[in-house]
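Working notes, structure below.
The values are calculated or read from the model by the stated rules, or taken from the named source; none is laboratory data. Since the structure is predicted, the reported quantities are computational estimates derived from the model, not experimental observations. Ideal geometry is used to build each Cβ from the backbone, glycine not excepted, and the neighbour counts take in all protein chains shown.
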Amino acid sequence: FSAFFSNTPIDTEKIDKYYRIFSNINSRKYDDTYFEREYGEKFFSKNDAIKIGEIRERIERAKDLNNREKNILITSLLYSADRVANTVGHYDAYRKNVKIHDKFKFELINTTNTKNKNIHIYREDANELVKKINADIVFLDPPYNSRQYSRFYHVLEQIAKWNKPKLYGVAMKPKAENMSEYSRNDAPDVFDQLVKNIHGKFIVVTYNNTYENARSSSSRNKITHSQILNSLNSVGNTKVFERPYRFFNAGNTDLKDHKETLFITEVKNEKS
């Protein structure tokens, strides 16, 4: 988020210089082979893994970049790597018995002009954050099911953090961390606590209805439509909007009547 929305000024000429360098990397200079060793010929081709690891190591070592400039380059690397990953859209596993081609191309993200904008970025538990801030509109997009985001997108997480942990299993995952309560059985209670502690005029929640149709228990929603509505109605007046939505699935499941639901609540007795 800081790459796109931070108020910190950036030197575009400096960013362009690194773009040109990273676009022409073909060998290793600083990287210690960690990324190639762990992810090469699995999630990426060997050569692509070398490039990704080398670029990330150079960003880490760069002394002439401020935090936002570093984050712009890291985020660009994340998007560029994700485009060529040998996966079906997430990193719970990589595709086996396929030839992995060299496809990596470093591309810069389009940043946002944040000059004179009052933007604050937080990275903490949402249930704790809402107790400390006030907002006109609070938008919530909680996890839908038991699939933990930190486990599904662990490769991208490692590129971002670059702490090179020990990895385990076929999918090369680190030890579990940042496990969301919204992907567990007590999710309805956790959501209810979140809603009740919000200081805002409007609450907007997006959710979908896989819980009605999914064959796999891990794909079923942890919070039902009625539970969301009950929590929101306890703090204000709620309107519900629905639209058909194409369900992303790596297997053969075809969910019929799959919908994305938008709940908009006007909060009564707004907390100050």
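Summary table
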{"item": "Odd one out for I137 among (1) in a strand (DSSP E or B); (2) surrounded by 13 or more Cβ atoms within 10 Å (Cβ to Cβ)", "result": "(2)"}
{"item": "Qualifying positions in region 50-88 - among the aliphatic types (A, V, I, L, M) and not in a loop (DSSP other than H, G, I, E, B)", "result": "I50, I52, I55, I59, I72, L73, I74, L77, L78, A81, V84"}
{"item": "Within region 87-114, considering residues that are farther than 16 Å from D16 by Cβ and within 18 Å of the chain's Cα centre (by Cα), the one modelled with the highest pLDDT", "result": "T87"}
{"item": "Near pairs, Cβ below 6 angstrom, 6+ apart or cross-chain, from region 157-177 (closer than 22 Å to E57 by Cα) to any residue that is hydrophobic (A, V, I, L, M, F, W, C) and not in a helix (DSSP H, G or I)", "result": "P174/L167"}
{"item": "Some residue of region 23-46 being among the aliphatic types (A, V, I, L, M), surrounded by 15 or more Cβ atoms within 10 Å (Cβ to Cβ) and touching a Ser or Thr at 6+ places or on another chain (Cβ under 9 Å)", "result": "no"}
{"item": "Pairs where the first residue, in region 104-126, is surrounded by 12 or more Cβ atoms within 10 Å (Cβ to Cβ) and the second is part of a loop (DSSP other than H, G, I, E, B), C-beta under 6 Å, 6+ apart", "result": "T114/N7; I119/N7"}
{"item": "Options I264, I228, I223, I198: the member that is within 15 Å of V130 (Cβ to Cβ), surrounded by 13 or more Cβ atoms within 10 Å (Cβ to Cβ) and modelled with pLDDT of 60 or more", "result": "I198"}
{"item": "Residue tally, condition among the charged types (D, E, K, R) and outside any helix (DSSP H, G or I), over region 154-176", "result": "4"}
{"item": "Index of the failed condition, Y91 passing every other in (1) closer than 20 Å to L167 by Cα; (2) out of contact with any helix residue (DSSP H, G or I) (no Cβ under 9 Å at 6 or more places or on another chain); (3) not aliphatic (A, V, I, L, M)", "result": "(2)"}
{"item": "Options E41, E36, E57: the member that is touching a Gly at 6+ places or on another chain (Cβ under 6 Å) and within 22 Å of K173 (Cα to Cα)", "result": "E36"}
{"item": "Region 9-57 - residue that is under 23 Å from the mean Cα position of the chain (by Cα) and among the basic types (K, R) and, of those, farthest from K99 (Cα to Cα)", "result": "R56"}
{"item": "Some residue of region 166-187 being buried (at least 18 other Cβ atoms within 10 Å of the Cβ), modelled with pLDDT of 85 or more and closer than 24 Å to S231 by Cα", "result": "yes"}
{"item": "Residue check, K63 among the basic types (K, R), over 21 Å from the mean Cα position of the chain (by Cα), within 18 Å of F22 (Cα to Cα) and not assigned by TED's automatic domain parsing to the domain that holds L262", "result": "yes"}
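Residues checked against (1) closer than 17 Å to D82 by Cβ; (2) of a type in the set (G, A, S); (3) part of a helix (DSSP H, G or I); (4) modelled with pLDDT under 95:
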| position | (1), (2), (3), (4) |
| --- | --- |
| E13 | no, no, yes, no |
| Y18 | no, no, yes, no |
| I21 | no, no, yes, no |
| D31 | no, no, no, yes |
| F35 | yes, no, yes, no |
| D48 | yes, no, yes, no |
